[in-house]
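Each remark here refers to the structure printed beneath this line.
The values are calculated or read from the model by the stated rules, or taken from the named source; none is laboratory data. Nothing here was measured: the structure is a model prediction, and the numbers come from that model. As a convention, Cβ positions derive from the backbone with ideal geometry for all residues, glycine included, and neighbour counts pool all protein chains shown. Protein only, heavy atoms only, side chains kept; ligands, DNA and RNA dropped before computing areas. Shrake-Rupley method; radii C 1.70, N 1.55, O 1.52, S 1.80 Å.
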Amino acid sequence: MVFEQWIDPTNQTDYNNNIVATQFYYVNEANYHLDHNTTLHPFSFDLSLQQGKQFVSLFAEAHFKISYRQKNQGLFIRVFAGGFPYYGKGSSDITAPLPNMYVGNATTNNYAYWLKKDYMFDENFVDRNGRDNYLGRQVAITGGGFRSITGGFGATNKFLSSINVTSSLYKFVPFRPFASVAMLVDGANKIRPAAELGISLVVVKDMIEIHLPLLTTDNIKQSQQVIGVNKWYQKITFTLKLPVIKPASIIRQVSGL
């Protein structure tokens with residue numbers, strides 16, 4: 001259960017006087033996890049069912065590694081598919097949560113601080129509401145898993161599927177090319193494709209990475225322009241995921257052992 005403070009913008013008195021209220025919501029979740037932790041070609045699979053007020057979501061995520069001859073080198077593939085068997089939240093309902101699935105989960109400013117993409121609070125975002133021009137570029141590799149800022153494009157309460165691919169280049173080269181393709185069904189039940197291509201600087205694999213998207217489809221590019229993202233350096237994003245792990249594990253990640 002989540003308790004969240006907010007100022008209701010539809011209540012003029014509360015809005016003008018900065019009167020804070022508390023809203024709360026619950027989400028029940030059931031998850032199945034499978035690990036096949038082999039040396040050469042490991043994979044993992046997760047199937048999740050979420051149920052909250054006026055929605056039920058079902059999604060699956062799989063991770064594959066095609067190993068190269070060099071140790072810890074390979075092609076990394078992530079596959080995601082999910083949708084909403086039931087969605088009863090009205091478009092005028094501005095209370096949290098906003099149970100959408102997103103092509104890209106960047107913490108850009110959505111001008112509604114109480115309606116967060118990460119409504120389960122699973123990620124450790126530095127600037128969860130995306131108010132800062134730099135810290136608000138953090139992305140989580142969830143949902144569609146795009147590393148690009150997608151602006152107002154890419155949200156759906158219908159269906160979303162994606163494939164994300166990254167590859168190591170050489171043991172001592174800290175850069176990894178990435179590519180993603182996705183397909184979503186929008187509110188008008190139209191199929192919208194999306195794609196991106198870029199390169200990442202891997203500081204600590206799966207924990208601290210900096211991403212530079214080089215090519216994106218027009219729908220992403222146009223959505224970025226609406227929020228003022230036009231220059232190449234404005235498109236840089238980063239991943240910061242700090243799970244609770246042992247110091248020895250961090251050393252192995254950094255050294256590549």
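Taking H as built 1.01 Å from N, whose amide H comes closer than 5 Å to the amide H of Asn100, not counting residues under 5 places away?
The list, which skips near neighbours in sequence, is empty: none.
If I take every Cα pair under 8 Å that is 6 or more residues apart in region 175-244, average their sequence separation and divide by the length, what percent do I get for the relative contact order?
27 percent
At what distance in angstrom do the alpha carbon centres of region 1-48 and region 77-126 lie from each other?
What the calculation gives is 8 Å, centre to centre.
Please compute the net charge surrounding Asn110, taking Lys and Arg as +1 and Asp and Glu as -1 over other residues with Cβ under 10 Å from its Cβ.
Details: positive: Lys116, Lys117; negative: none.
The answer is +2.
Tell me the relative contact order for the chain as a rounded percent, counting alpha carbon contacts under 8 Å between residues six or more apart. Mind showing how you got there, number by number?
Values: 578 pairs, mean separation 34.7, N = 257.
For the chain, the relative contact order is 13 percent.
Report the number of Lys pairs in region 1-151 whose alpha-carbons are under 30 Å apart, with separation of 8 or more residues or on distinct chains.
Working: Lys53/Lys89; Lys53/Lys116; Lys53/Lys117; Lys65/Lys117; Lys89/Lys116; Lys89/Lys117.
The number of close lysine pairs in region 1-151 is 6.
Once you have the Cα-Cα distance between Ile19 and Lys71, take 0.36 nm times their residue separation minus that, and quote the gain in nm to one decimal. Don't skip to the answer; put the middle values down first.
Details: separation 52, 0.36 × 52 = 18.72 nm, distance 5.75 nm.
In short, 13.0 nm is gained.
Can you give me the solvent accessible area of His41 with a 1.4 Å probe, rounded to the nearest 10 Å²?
100 Å²
State, to one decimal in nm, how far the label point of Ser92 lies from the label point of Val204, with both points 7 Å from Cα in the Cβ direction.
Label-label distance for Ser92 and Val204, simple model: 4.9 nm.
Counting Lys and Arg as +1 and Asp and Glu as -1, what is the net charge of the other residues whose Cβ lies under 9 Å from the Cβ of Ser44? Walk me through the numbers before you get to the answer.
On the way: positive: none; negative: Asp35, Asp46, Glu61.
Charge balance in the 9 Å sphere: -3.
Work out the FRET efficiency for Phe43 and Asp127 from their Cβ-Cβ distance, taking R0 = 30 Å, and round it to the nearest 0.05.
Details: r = 33 Å, r/R0 = 1.10.
The value I calculate is 0.35.
Could you give the length gained by full extension between Tyr233 and Tyr113, i.e. 0.36 nm per residue of separation minus their alpha carbon distance, to one decimal place? Write down the numbers at each step before the final one.
Values: separation 120, 0.36 × 120 = 43.20 nm, distance 2.52 nm.
Gain on extension, Tyr233 to Tyr113, equals 40.7 nm.
So, for the chain, what is the accessible surface per residue at a probe of 1.4 Å, expressed in square angstrom? Don't skip to the answer; put the middle values down first.
Working: 14480 Å² over 257 residues.
Spelled out: the 1.4 Å probe surface of the chain, per residue, equals 56 Å².
Under the definition of Cα pairs under 8 Å and six or more residues apart, what whole-number percent is the relative contact order of region 121-164?
On the way: 24 pairs, mean separation 12.1, N = 44.
It comes to 28 percent, rounded to a whole number.
If I compute solvent accessible area with a 1.4 Å probe over the protein chains, what percent of it on the chain is carbon and sulfur?
Accessible surface attributable to carbon and sulfur in the chain totals 60 percent.
Determine the order of Leu215, Leu197 by accessible area, beginning with the largest, at a probe radius of 1.4 Å.
Details: Leu215 110, Leu197 80 Å².
Listed by decreasing accessible area, they come as Leu215, Leu197.
Compute the distance in nm between two label points, each set 7 Å from the Cα along the Cα-to-Cβ direction, one at Val173 and one at Asp35.
Going by the 7 Å Cα→Cβ label model, 3.1 nm.
Can you give the calculated 222 nm mean residue ellipticity of the chain, where each DSSP H run of n ≥ 4 adds -39,500 (n - 2.57) and the sum is split over every residue, rounded to the nearest 500 deg cm²/dmol?
Working: 3 runs with 23 residues, N = 257.
The helix-only estimate for the chain comes to -2500 deg cm²/dmol at 222 nm.
Using 0.36 nm times the number of residues separating Lys53 and Ile191, minus their current alpha carbon distance, what extension gain do you get? Working shown, then result.
Numbers: separation 138, 0.36 × 138 = 49.68 nm, distance 2.67 nm.
Stretched out fully, the Lys53 to Ile191 stretch lengthens by 47.0 nm.
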